[in-house]
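Q: This is the structure I want to talk about, given as structure tokens.
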């Protein structure tokens with residue numbers, strides 16, 4: 001961590017060196033440590049200290065982008081600026097470039113936790129020992145990872161933007177196994193003290209104990225109860241692919257045709273909010289513009305997409321603060337996603353199913369089969385159960401699903417009251433869900 | 001600089017490390033993307049740093065930093081030893097490394113044209129011309145062309161006495177046309193999807209791709225797919241084009257033969273493997289004509305290098321011999337558990353990561369068929385090309401692939417185009433149904449610069465040599 005003052009000082013220095021009409025720069029540092037365990041022992045244990053500075057120089061509409069990790073070396077910074085400037089000189093005009101954002105007040109959010117930043121290898125090892133101890137009681141084998149990380153990001157531009165945000169994160173995931181049985185649990189927070197290792201261990205081992213003597217069920221349409229882990233996978237990928245303005249403007253997203261239409265079940269409401277501390281907050285985007293809350297889906301109606309400067313100015317819409325880092329051509333995407341909870345529990349959702357399946361989580365989802373219909377395929381993993389007459393009765397072998405998410409979430413028939421933050425790049429906060437007629441297209445052997 | 005590296009190793013040893021190695025890397029990348037007539041991105045990135053890996057108290061520790069100076073190297077060595085000692089509080093057995101030959105050597109990728117010395121203007125001219133041709137077809141809504149170049153300079157020094165310098169050049173590129181009509185979107189790519197094809201080579205690799213020459217066909221096929229009929233759902237004969245088959249090899253053979261994965265070391269993330277040691281030399285993985293080798297010496301392959309990141313020399317290892325499963329990808333730590341030496345596949349993504357077992361060039365050896373003869377010999381089926389989607393279970397048994405395009409095969413002839421072709425199966429059943437593989441005239445090494453594995457997530461550059469091949473009784477058309 002180099003601190004706000006030093007970070008912005010370096011950025012102002014490189015911006016001052018630039019000969020462009022407009023310049024912005026982004027500086028980030030990271031101290032990341034991860035303890036990985038398998039077969040109930042620590043087998044990989046790593047630490048990374050890294051920094052990066054990225055500069056974008058614009059001459060007219062010609063853009064050059066360059067980056068280096070030598071943030072404290074004057075000569076390297078000069079070389080960086082020269083490289084970006086030279087690239088801009090060689091560039092063609094980019095008609096899609098519509099300027100950098102103007103300064104706008106950024107809300108300060110405290111998501112930095114000193115205890116997380118200072119968490120030591122010994123503390124992570126101790127936490128893993130706690131987890132393994134719970135597993136050992138039942139001869140269950142533990143594997144997983146425990147990461148603690150501190151980051152800072154600073155962004156400035158020649159129009160006056162100067163934003164800085166330090167943050168920390170802690171994340172644990174575990175897969176526990178006993179022969180063919182397995183279970184899973186995970187937790188993620190800005191504050192390492194929020195991670196309850198004992199509870200994680202008990203959740204995973206309880207699932208593992210119940211996931212025994214898996215029977216084979218035939219593929220087909222089943223009513224399903226999805227744990228928040230499973231919902232998180234489906235919702236976060238759907239939002240990233242379909243709810244960005246560039247994807248809509250280029251016709252790559254179903255939002256090109258469905259904006260304003262009732263697409264999903266009444267009970268589906270999804271929004272993006274980079275300021276909500278119950279997620280993994282980030283108060284500004286990678287252009288330094290403050291994040292705005294954007295409702296993506298309201299009561300099943302496709303309401304909005306998120307914008308960066310280029311897409312907002314092209315559409316004549318206000319910026320929403322969802323730019324990705326310079327050089328990215330993907331366009332803006334929602335990265336702090338929340339899904340409105342309902343009033344049920346996982347048990348009460350299960351009780352509404354005559355014959356169906358309970359899915360703990362999915363594995364290896366691929367969303368590229370048919371992007372405009374949001375057709376995903378993937379496997380179930382780490383705890384799939386048969387539901388009969390409103391109760392989970394037997395563990396089942398894993399199945400492959402292949403289904404349009406438009407169809408899936410238009411058959412949403414209940415949500416849990418309790419939502420859960422599920423980690424990822426920035427993670428999502430989602431409830432558990434009941435979906436009718438979920439399509440399983442294949443099966444595997446375990 | 002080498003004195004600093006040796007000093008860090010000595011420092012780690014003094015602090016109690018029984019083994020230590022250090023990798024210093026300087027990675028330079030250039031990425032050029034053109035989209036719909038606009039140069040969307042020209043980015044240049046340079047990153048330099050080092051990583052120190054130690055065994056202390058019988059356990060691993062690793063630390064890395066982008067601050068390259070003598071003092072920081074000592075600090076990181078210290079941290080790596082501390083981390084190893086923390087690891088050792090939860091161990092069962094000491095880490096033991098398989099013996100390996102110790103090298104002091106240099107390796108440089110053979111190239112004809114340094115891609116970083118070629119002016120941007122020439123690179124842009126190719127991409128802009130290809131883009132223009134793609135967009136000349138009015139049905140194309142999005143045209144994308146790109147090139148990427150990498151130069152990795154790395155030095156590896158170990159407490160065993162290894163001292164190896166390598167410079168690896170990688171070059172590649174591709175084009176793609178997207179046709180959109182209402183709620184339909186179809187993409188065609190060349191030479192492969194997801195940004196083309198890559199190899200360890202210089203700029204000559206990109207010139208040889210002839211991106212401009214292939215642009216008219218790519219555009220035509222993307223547009224034709226919009227009005228093509230849907231791939232039928234049935235069980236039939238499937239002929240798979242080279243680039244798609246490369247991904248099939250990657251997912252259903254390359255990953256399950258990673259010995260760390262087999263031993264459960266990736267269980268919590270990517271999963272484990274059905275190819276367990278009890279199946280070695282026993283499992284009939286494929287039919288008698290299926291031969292797969294892992295070969296880090298394949299000329300120009302994206303998984304080609306001089307030495308892996310444990311200082312083990314690049315080599316060729318049989319994996320599947322006449323259909324029989326005979327070998328794994330190994331590291332020093334895992335090979336010894338099978339009383340073997342490492343076959344040199346332990347590689348790290350950048351200076352900031354530890355080496356893991358990664359695919360190198362995992363090649364399906366060519367057969368003896370001409371492509372036209374294979375089609376003529378097929379009464380009924382589907383021929384598919386170019387990957388669109390991929391998914392496989394966490395033991396690598398049930399897979400599902402979508403492709404960009406397919407053609408019906410009827411009475412020994414290629415017929416109508418079909419859209420949204422997809423197929424699914426179970427790995428050993430699928431490879432045992434292989435009854436024809438095209439010959440070396442059709443064999444191409446397909447580079448994949450985005451193979452993910454590990455926590456923290458690492459991306460490896462790997463490759464697969466393949467030729468179009470035929471499989472019987474495959475379930476196709478499962479895209480809904």
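A short reminder: the numbers here are calculations on the coordinates, not readings from a lab. Owing to the predicted nature of the structure, the values given are computational and were not obtained by experimental measurement. Note that each Cβ is placed from the backbone with ideal geometry, even for glycine, and that neighbours are counted across all protein chains shown.
Q: Sort A:252, B:261, A:209 by Cβ crowding within 10 Å, fewest neighbours at the top.
A: A:209, A:252, B:261
Q: Across chain B, what fraction of all alpha-carbon pairs, as a whole percent, falls in each successive 10 Å bin from zero upward?
A: 4, 19, 28, 25, 16, 7, 1, 0
Q: Averaged across the residues of A:90-96, what count of C-beta atoms belonging to other chains lies within 10 Å of each residue's C-beta?
A: 5
Q: Another question, then. Shape verdict for the range A:152-205, please, from the Cα gyration tensor: rounded (a/c under 1.5), prolate (a/b greater than b/c) or oblate.
A: Cα axes put the range A:152-205 in the prolate bin.
Q: Here's a follow-up. Residue B:338 to residue A:180: FRET efficiency via 1/(1 + (r/R0)^6), r the Cβ-Cβ distance, R0 35 Å, to the nearest 0.05?
A: Efficiency, rounded to the nearest 0.05: 0.90.
Q: Okay, moving on. How big is D, in µm² s⁻¹, for the range A:4-200 by Stokes-Einstein at 37 °C and 0.692 mPa s if Rh is the Kirkwood radius over C-alpha pairs?
A: 169 µm²/s
Q: Could you state the principal axis extents of the C-alpha atoms in the range A:213-446, from the largest down, to the nearest angstrom?
A: 56, 32, 29
Q: Can you tell me the convex hull volume per residue for the range B:155-195, based on C-alpha atoms, in Å³ to the nearest whole number?
A: In the range B:155-195, the Cα hull volume divided by residue count equals 106 Å³.
Q: Taking beta carbons within 10 Å but only from partner chains, what does the mean come to for residues A:326-339?
A: Partner Cβ neighbours, averaged per residue: 2.
Q: Hey, another quick one. What FRET efficiency would be calculated for the residue pair residue B:297, residue B:440, taking the C-beta separation as r and a Förster radius of 25 Å, to the nearest 0.05?
A: The pair residue B:297/residue B:440 has a calculated efficiency of 0.90.
Q: Please check which bits of the range B:32-61 a label hung off residue A:122 would reach, taking the label as a point 7 Å along Cα-to-C-beta and the cut-off as backbone N under 19 Å.
A: Under 19 Å, as judged by backbone N against the label point of residue A:122, lie B:56-61 of the range B:32-61.
Q: With the radius of gyration and the Kirkwood radius both derived from the Cα set of the range B:2-227, what is their ratio Rg to Rh?
A: 1.16
Q: Say each of residue B:167 and residue A:393 gets a label point 7 Å from the Cα, pointing the same way as Cα to Cβ; how far apart are those two points in nm?
A: In this crude spin-label approximation the distance works out to 6.9 nm.
Q: Provide, as a two-decimal number, the C-alpha radius of gyration of the range B:281-355 over 2.2 N^0.38 Å, N being how many residues it has.
A: 1.20
Q: Dividing the convex hull volume of the Cα atoms of the protein assembly as shown by its residue count, what figure in Å³ per residue is obtained?
A: In the protein assembly as shown, the Cα hull volume divided by residue count equals 144 Å³.
Q: List the relative contact order of the range A:367-425 as a percent without decimals, with contacts defined as Cα pairs under 8 Å and 6+ residues apart.
A: The normalised contact order for the range A:367-425 reaches 29 percent.
Q: Please work out the Cα convex hull volume for chain A and give it in Å³ per residue.
A: 141 Å³
Q: Further question: Counting other C-beta atoms within 10 Å, which of A:391, B:138 has the fewest, and how do the rest follow?
A: Sorted ascending by nearby Cβ count, the order is B:138, A:391.
Q: How far apart, in nm, are two points set 7 Å out from the Cα along the Cα-to-Cβ line at residue B:457 and at residue B:473?
A: Output for this residue pair reads 3.9 nm.
Q: Please give the average number of partner chain Cβ atoms lying within 10 Å of the Cβ of each residue in A:131-143, rounded to a whole number.
A: Partner-chain Cβ atoms within 10 Å, mean over residues of A:131-143: 1.
Q: Something else about it: Given the Cα-Cα distance of residue A:221 and residue A:86 and 0.36 nm per residue of separation, how much length would full extension add, in nm?
A: Length gained between residue A:221 and residue A:86: 42.9 nm.
Q: Could you work out [θ]222 nm for chain B from helices alone, using -39500 (n - 2.57) per DSSP H run of at least four and dividing by all its residues? Round to the nearest 500 deg cm²/dmol.
A: Per the formula, -6000 deg cm²/dmol.
Q: How much length is gained if the chain between residue A:213 and residue A:276 is pulled fully straight, taking 0.36 nm per residue apart and subtracting their Cα-Cα distance, in nm to one decimal?
A: 18.5 nm
Q: Fewest first, what order do A:174, B:89 take by the number of other Cβ atoms within 10 Å?
A: Result, fewest neighbours first: B:89, A:174.
Q: Based on the Cβ-Cβ distance of residue A:78 and residue B:226, what FRET efficiency does E = 1/(1 + (r/R0)^6) give at R0 = 56 Å, to the nearest 0.05?
A: 0.65
Q: For residue A:139 paired with residue B:276, estimate the spin-label separation in nm (one decimal), with each label point 7 Å from Cα along the Cα-to-Cβ line.
A: 1.5 nm
Q: For chain A, what is the mean residue ellipticity at 222 nm derived from helices alone (per DSSP H run of n ≥ 4: -39500 (n - 2.57); sum divided by total residues; nearest 500 deg cm²/dmol)?
A: Dividing the helical sum by the residues of chain A leaves -7000 deg cm²/dmol.
Q: Pick from A:223, A:24, A:136 the residue whose mean-square fluctuation is largest in a GNM of chain A, springs joining Cα atoms under 10 Å.
A: Residue with maximal mean-square fluctuation among A:223, A:24, A:136: A:136.
Q: Where in the range B:21-41 is the amide nitrogen less than 20 Å from a point lying 7 Å along the Cα-to-Cβ axis of residue B:114?
A: B:25-32
Q: Name the most mobile residue of A:94, A:336, A:54, meaning the one with the largest mean-square fluctuation, in a Gaussian network model of chain A with Cα contacts below 10 Å.
A: Looking only at A:94, A:336, A:54, the biggest GNM fluctuation is shown by A:94.
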